[in-house]
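Chemist: Just dropping this structure here.
Every number here is computed from the coordinates shown, using simple stated rules; none is lab data. Small disclaimer: the values here were computed from a predicted structure and weren't measured. Please note: Cβ atoms are built from the backbone with ideal geometry, for glycine as well, and neighbour counts cover all protein chains shown.
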Amino acid sequence: MRHWLEIYYPRRMGATAPAATSYDIPSLSALLRSVGFRSDIIPYLLAQVLHETENLTSNLFRNYNNFSGIKYVKQKRANGKHGAFATYASPQDWAADYYRVLNLSPGRPAGATSAQDFHTRLLANNYYGTRTAGSAIDQQYVTGFNSALKKVNAALPGSPGASADWTYGSSVVDDKGKVIPPAQRAIDEKVYALEHPQFLETLKAHPLLAGIGLTVVGIIVIKAINN
């Protein structure tokens, strides 16, 4: 069973994009524009791509050119399937099929005007399968999306998605669907970092967490000395 931090910060736990792919946020943005997506919706698409591919490290991304978890339904652009998912001969074929999928009715996610609207439209189209808005699994996905959206906005200054988190974005849930309180999350992050040094990168960007972490370290050291 994976620690919740490995779910929410997959790249910071040591995973990196494969050397075989040259795609990053700016180049993906250009790819999506090339198939007809509006510029103002691209930050939301990129956030979904980052989240679905675990920051461009997933097997579907690396080996099958499926950047967004599109299911196989015998669509023309796909060249086969891997499990339930479509595989593509090229990123361009995936992008063209992604454009098709996001223009399907009734939701037509490509017409979204905000991150929340994008999420609502995806739910309307059963993009994730059967899922209830606000459920534990939905909150977990939304949290991952919001984290990815912040990365997109940092890579694309001036992006229209800069302050548009989905609803429930402040929630983090564990593998059993239980919401983790912010204070406990901060403690978990620091304690986990002690056992996994590569995770310290995450804390460097959060002075408050670092401060809480130092307190936790002090408590651990005192206990160790007393024992």
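Chemist: Once amide H atoms are placed 1.01 Å from N in the peptide plane, what residues at a sequence separation of 5 or more from Phe85, or on another chain, have their amide H within under 5 Å of its amide H?
Modeler: Residues meeting the amide H criterion: Tyr72.
Chemist: For a protection proxy built on the mean count of beta-carbon atoms within 10 angstrom, sort 75-84, 40-49, 140-149 highest first, please. Walk me through the intermediate numbers first.
Modeler: Working: 75-84: 13.7, 40-49: 24.0, 140-149: 21.9.
Top of the packing list down: 40-49, 140-149, 75-84.
Chemist: If you average the alpha carbon positions of region 22-49 and of region 100-137, how far apart do those two centres end up, in angstrom?
Modeler: So the two Cα centres are separated by 17 Å.
Chemist: Continuing with the same structure: Highest mean first, how do 85-95, 128-138, 101-111 rank when packing is the count of other Cβ atoms within 10 Å averaged over residues? Mind dumping the intermediate values first?
Modeler: Values: 85-95: 19.3, 128-138: 12.3, 101-111: 16.0.
Result, highest mean first: 85-95, 101-111, 128-138.
Chemist: Follow-up. Provide Leu156, Leu122 in ascending order of the number of other Cβ atoms located within 10 Å of each residue's Cβ, fewest first. Before the final figure, lay out the partial values.
Modeler: Values: Leu156 17, Leu122 21.
Result, fewest neighbours first: Leu156, Leu122.
Chemist: Can you work out ³J(HN,Hα) from phi for every residue in region 124-129, in order, using Karplus 6.51 cos²θ - 1.76 cosθ + 1.60 and θ = phi - 60°, giving whole Hz and x for Gly and Pro?
Modeler: Working through the residues one at a time gives 4, 8, 6, 4, 8, x Hz.
Chemist: Which whole-Hz ³J(HN,Hα) couplings does region 86-93 yield from phi under the Karplus relation 6.51 cos²θ - 1.76 cosθ + 1.60, θ = phi - 60°, glycine and proline marked x?
Modeler: 6, 10, 10, 6, 7, x, 5, 5
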